[in-house]
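Inspection log for the structure reproduced underneath, given as structure tokens.
All of the numbers you see were taken from the coordinates with simple rules; none came from a lab. Remember, it's a predicted structure, so these values are computed and weren't measured experimentally. Here Cβ is always computed from backbone atoms with ideal geometry, including for glycine, and neighbour counts include all displayed protein chains.
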Amino acid sequence: MATSIALAAGAHAATPADADAFIAGINQEIRDNYVEVTAAQWVSETYINGDTEVLVAKANERALARLSANVEKSAQFDSLAGISPLTRRGIDLLKLQTAMPAPKDPAKLSELTQIASRLNAAYGAGKSCTDEARPETCRNLDQLSKVLAENRDWDADLEAWTAWHNTARGMRKDYVRFAQLVNEGAGEMGYANAGEMWRAGYDMSAADLRKETDRLWQQVQPLYKDLQCYARTKLDAQYPGKLAKDGTIPAHITGNMWSQDWSALYPLLQPYPNASNLDVDAALKQKQYTPVSMVQRAEDFYTSIGFPALPKSFYEKSQLTRPADRDVVCHASAWDLNLEGDVRIKMCININEEDFRTVYHELGHIYYYLAYNKLPPLFQTGAHDGFHEAIGDTIQLNLTPGYLGQIGLAGESKQSKEAVLNAQMKQALEKIAFLPFGKLIDEWRWGVFDGSIKPENYNAAWWALKKKYQGVAPIVARGEENFDPGAKYHVPGNTPYMRYFLAHILQFQFQRELCKAAGYKGPLHECSIYGNKEAGKKFWAMLEKGSSQPWQDTLKELTGKGEMDASAILDYFAPLHAWLKQQNKGKSCGWN
Ligand code: X8Z
Ligand code: ZN
């Protein structure tokens, strides 16, 4: 191993040159060990079984032990003056290399990585069976989600919704211990708890990050409330007498397992049923799209703006469909296996619009990897994690009726006022419905980590936040025998979630700038940068920066302003918001 890391303690007082050498050594060490860890993670998620669970737990154990040791060594530079800004940034980023801070105690470290692997595998293998002994009676998340998306029957939806949520019950005990252990690990690294550590990754204080998320939510909340009110009115008409009187929407009838994306309700909620045909599901099937051709279609968008073609290995090594013979983690993800071009996605693609859009999302991660691969490993992350999530989402905003028409997935659209409102509604059911959900997941985890949410209140606190933010509530009591947070991938998968909330704000800021760079003059919601190299060049320049500078600088280089700002998303949806206000006139909106 590089001797520069193992600075002889006490040999001499540390100097800025030592710090430079230390960080150079860390970057080399990350490169040297990276493949072992990601390979173990990849097989553990694409072949879930007891053996791969052991292998990934061990690989993570070794990686986290190395990280702890390196963070400890880096302490000698904490108060050293004269360190170059880049080296200082490397030292800061070193501490944030993992979302799973581990205690140094070897027994606890090993316990933690085993729990983490078990939770991840449990989610991936999750099934609801009417008869455990007969696999043919089992339904997985795809199958249960399909019921919610395609069947508007109240009881069938409730049954599917409950079946999936109950699969997470067994995770509770592991999650309690998991929270204790990561808190201990975060404490050893100098953070108050794991949530504070998660909030430390934004080039501002953890307290300021919390304030930022509140500020952004305040900006967008009125739009969400109007959408919620309109949707509730329509659902009330669809299910007369069935909705609670408190103004909430029943959690099982939004067409989505977590009520985070209401796109499936579009046929019920479209403003002008005859003004346009936005049935991309049908078009994908009619044009005989396959998982591979869906990915190629998305790749074509990226190459049209000047991004490189995907490497050949991407298509050889990605998992695009659910294997028939084994359990896998189907939740979509994008991977960089070796920091030098072995990039892959892991999905279980079904031929439908949701998955089509998700492919564009995942390729955003892939192109971020490819763009920053030339940087030192410590800088090979997003400007912040919300940037990473916002790249593909920005590209999604370009899937306008015009673009879809161009690629043969929608009829030539006449841009009537009615057609615009339809398109806006469809987008809002995905992007606006998501906002409160995006915010509440980590408010729950921050609470768990800081102790304000205790294990005996896990589920109650979860549903209190769902109600507070989303105005969504379960129609049946969900007591503490349940662990409903565990039914959402990112909780057992330990992926921080505030990134998605931030991405939903940022992507509209990005899109506004890219459209400007493309010379586009019309309304933002009709802009597509498909084929525009100028826009692509600006976007790529941002991706190449990785996390080598504070995100505020990176954002400023793209947009002229170093602050996250919801004005772009509000401008984007201004026509729909005006329309929703009209529709809601005379209705009693809000919930208590
Ligand atoms: O998890 C994801 C991506 C993988 S990074 C598919 N998303 C969040 C979710 O599904 O909950 C994208 C939108 C929000
Ligand atoms: Zn993502």
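Between their Cα atoms, which of Lys225/Lys488; Lys439/Lys556; Lys73/Lys95 are more than 21 Å away from each other?
Lys225/Lys488; Lys439/Lys556
Give the lysines whose C-alpha is closer than 16 Å to that of Lys426, dropping any in the same chain fewer than 8 places away, or say none.
List returned: Lys234, Lys417.
Once the Cβ-Cβ distance between Ala324 and Arg215 is put in as r, and R0 is 41 Å, what FRET efficiency do you end up with, to the nearest 0.05?
0.30
Which lysines, if any, have their Cα less than 16 Å from the Cα of Lys374, not counting same-chain residues under 8 positions apart?
Excluding near neighbours in sequence, the set is Lys545.
Hey, what's the Cα Rg ratio for region 465-592 versus the globular rule of thumb, 2.2 N^0.38 Å?
Output field value: 1.41.
Go through region 118-131 residue by residue and turn each phi into a ³J(HN,Hα) via Karplus (6.51, -1.76, 1.60, θ = phi - 60°); whole Hz please, and just put x for glycine and proline.
Whole-Hz 3J(HN,Hα) from phi for region 118-131: 5, 5, 4, 5, 4, 5, x, 8, x, 8, 10, 10, 7, 9.
Per the Kirkwood definition applied to all pairs of different Cα atoms, how many angstroms is the hydrodynamic radius of region 322-421?
So the Kirkwood estimate lands at 15.7 Å.
Please list, in order along region 155-169, the HN-Hα scalar couplings obtained from phi with the Karplus expression 6.51 cos²θ - 1.76 cosθ + 1.60 (θ = phi - 60°), rounded to whole Hz, x for Gly and Pro.
Taking θ as phi minus 60°, the curve returns 6, 5, 5, 4, 5, 5, 4, 5, 4, 5, 4, 5, 5, 8, 3 Hz for region 155-169.
Which loop-located GluC sites (Glu not before Pro) does region 410-506 contain, where loop means any DSSP state but H, G, I, E or B and the Cβ has at most 16 other Cβ atoms within 10 Å?
Here the sparse-neighbourhood loop sites are Glu412, Glu480, Glu481.
Can you run phi through the Karplus equation (6.51, -1.76, 1.60; θ = phi - 60°) for region 513-521 and list ³J(HN,Hα) in whole Hz, with x for Gly and Pro?
Once rounded to whole Hz, the list reads 6, 5, 5, 4, 4, 7, x, 6, 10.
If you rank Cys527, Cys129, Cys589 by fewest surrounding Cβ atoms within 10 Å, what's the result?
Ordered by Cβ neighbours within 10 Å, fewest first: Cys129, Cys589, Cys527.
When N is the residue count of the chain, what does its C-alpha Rg come to as a fraction of 2.2 N^0.38 Å? If you can, show how the numbers build up before the last one.
Values: Rg = 23.8 Å, N = 592, 2.2 N^0.38 = 24.9 Å.
That ratio works out to 0.96.
Give the Rg (one decimal place) followed by the Dmax (whole number) of region 117-234, computed from C-alpha coordinates and expressed in Å.
In order Rg, Dmax, the Cα atoms of region 117-234 give 20.2, 53 Å.
As a test, work out the antiparallel percent of DSSP beta bridges whose residues both lie in the chain, rounded to the nearest 5.
70
Can I get the semi-axes of region 383-468's equivalent ellipsoid? Compute them from the C-alpha gyration tensor as square roots of 5 times the eigenvalues, in angstrom, largest first.
Over the Cα atoms of region 383-468, the semi-axes work out to 38, 16, 8 Å.
Any idea what angle helix 291-304 forms with the longest principal axis of the chain, computed on alpha-carbon atoms, 0 to 90 degrees, nearest 10?
Value to nearest ten degrees: 80.
Label Lys146 and Gln583 with points 7 Å out from Cα along Cα→Cβ: what is the distance between them in nm?
So the label points at Lys146 and Gln583 sit 2.9 nm apart.
When a footprinting reagent is the concern and you count Cβ atoms within 10 Å, what order do Ile395, Ile351 take, fewest first?
Starting with the residue having the fewest Cβ neighbours, the order is Ile351, Ile395.
Can you run the Rg to Rh ratio on region 201-279? Use alpha carbon positions and the Kirkwood inverse-distance Rh.
Answer for region 201-279: 1.11.
State log₁₀ I(q)/I(0) for region 550-592 at q = 0.18 Å⁻¹ as given by the Debye formula over alpha-carbon point scatterers of equal weight, solvent excluded.
Debye curve over Cα of region 550-592, log10 I(q)/I(0) at q = 0.18 Å⁻¹: -0.66.
Could you estimate the translational diffusion coefficient of region 59-170 from the Stokes-Einstein equation, with Rh from the Kirkwood formula over C-alpha pairs, at 20 °C and 1.002 mPa s, in whole µm²/s?
119
To the nearest 20 debye, what is the magnitude of the charge dipole of region 147-262 about its Cα centre, counting +1 on the Cβ of each Lys and Arg and -1 on the Cβ of each Asp and Glu?
For region 147-262, the charge dipole is close to 280 debye.
Cut-off under 15 Å on the C-alpha distance; same-chain residues fewer than 8 positions from Lys537 excluded. Which aspartates and glutamates are left, in chain and number order?
Cross-link targets: Glu513, Glu557.
Using only the alpha-carbon atoms, what does region 1-121 span along each of its principal axes? Please give whole angstrom values in decreasing order.
Result for region 1-121: principal-axis Cα extents of 50, 25, 22 Å.
Can you give the convex hull volume per residue for the Cα atoms of region 201-246, as a whole number of Å³?
106
For Arg199, Arg326, Arg152, what ranking results if the residue with the fewest other Cβ atoms within 10 Å of its Cβ goes first?
Exposure proxy ranking, most exposed first: Arg326, Arg152, Arg199.
Return one number: the angle in degrees, 0 to 90 and rounded to the nearest 10, between the long axis of the Cα atoms of helix 417-450 and the longest principal axis of the Cα atoms of the chain.
Tilt of helix 417-450: around 40 degrees.
Hey, got a sec? Which trypsin sites (Lys or Arg not before Pro) in region 532-592 land in a DSSP loop and have at most 13 other Cβ atoms within 10 Å?
Passing sites in region 532-592 are Lys561, Lys585, Lys587.
Determine the gain in length on full extension of the stretch Asn592-Asn49; use 0.36 nm per residue of separation and subtract their C-alpha separation, reporting nm with one decimal.
Net length gain for the segment: 191.0 nm.
Rounded to the nearest angstrom and ordered from largest down, what semi-axes does the equivalent ellipsoid of region 223-376 get from its C-alpha gyration tensor (root of 5λ)? Spell out each step's value before the answer.
Values: eigenvalues 263, 62, 53 Å².
Each semi-axis is √(5λ); the values are 36, 18, 16 Å.
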